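Undergrad: One structure, pasted below without further comment.
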Ligand SMILES: [Zn+2]
């Protein structure tokens with residue numbers, strides 16, 4: 001079976017099923033296909049609008065998508081906070097001590113300036129920035 005979008009000579013559009021493309025041609029030639037609105041036997045295949053491809057998105061994310069992203073970020077923050085000890089501004093010192101073995105190895109979080117964070121990374125100490133959720137800034 002094959003489905004065609006059809007259009008009559010009056011411009012009415014409708015869908016109809018046929019056994020095959022050849023069957024469609026044959027039935028139209030014999031005027032066996034008629035418009036359900038005006039009964040005109042002069043029907044032809046309508047030009048189908050191409051389906052839009054779900055490729056690269058160019059539109060901005062919807063409010064719903066942004067809210068979902070924020071919720072995911074908040075969940076991540078809560079998860080990290082549950083696992084880590086807050087050492088506040090002692091973070092660079094503490095991270096360095098842990099790396100040197102001078103302090104107990106444990107996950108920590110805290111504040112570091114951009115320069116402090118860069119220095120830690122330069123020393124080969126792995127740290128991760130924790131993204132701030134916009135709502136949390138309110
Ligand atoms: Zn019609």
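Computed from the coordinates by the stated procedures, all read-outs in this text should not be read as laboratory data. Note that the structure is a prediction, hence the values are computed from the model and not measured. Cβ sites come from the backbone with ideal geometry, for glycine too, and all protein chains shown count toward neighbours.
Undergrad: When you have a sec, figure out the Kirkwood radius of the stretch 63-137 from all distinct Cα pair distances and drop it here in Å to one decimal?
TA: 13.6 Å
Undergrad: For a protection proxy built on the mean count of beta-carbon atoms within 10 angstrom, sort 79-85, 4-10 highest first, please.
TA: 4-10, 79-85
Undergrad: Sticking with this one: Using a simple spin-label model with points 7 Å from Cα along the Cα→Cβ vector, what separation in nm is obtained for residue 114 and residue 65?
TA: Result for the modelled spin labels: 2.9 nm.
Undergrad: Oh, and also: Give the shape of the stretch 2-45 as rounded, prolate or oblate, defined through the alpha-carbon gyration tensor: a ≥ b ≥ c are the square roots of its eigenvalues, a/c under 1.5 means rounded, and otherwise the shape is prolate if a/b is larger than b/c and oblate if not. Please list the in-between numbers first.
TA: Details: a/c = 2.21, a/b = 1.44, b/c = 1.53.
Oblate shape, in that a/c is at least 1.5 and b/c is the bigger or equal ratio.
Undergrad: For the chain, what is the relative contact order in percent, using Cα pairs closer than 8 Å and at least 6 residues apart in sequence?
TA: Normalised by residue count, the contact order of the chain is 16 percent.
Undergrad: Now for a separate question. Say each of residue 103 and residue 16 gets a label point 7 Å from the Cα, pointing the same way as Cα to Cβ; how far apart are those two points in nm?
TA: 8.0 nm
Undergrad: I need to check one value: relative contact order of the stretch 2-45, counting alpha carbon pairs closer than 8 Å and at least 6 residues apart, in percent.
TA: Once normalised by length, the contact order is 43 percent.
Undergrad: Which Rg and Dmax, in Å, describe the Cα atoms of the chain?
TA: In order Rg, Dmax, the Cα atoms of the chain give 32.7, 93 Å.
Undergrad: Listing 90, 30 from the residue with the fewest other Cβ atoms within 10 Å to the one with the most, what is the order?
TA: Fewest-to-most Cβ neighbours within 10 Å comes out as 30, 90.
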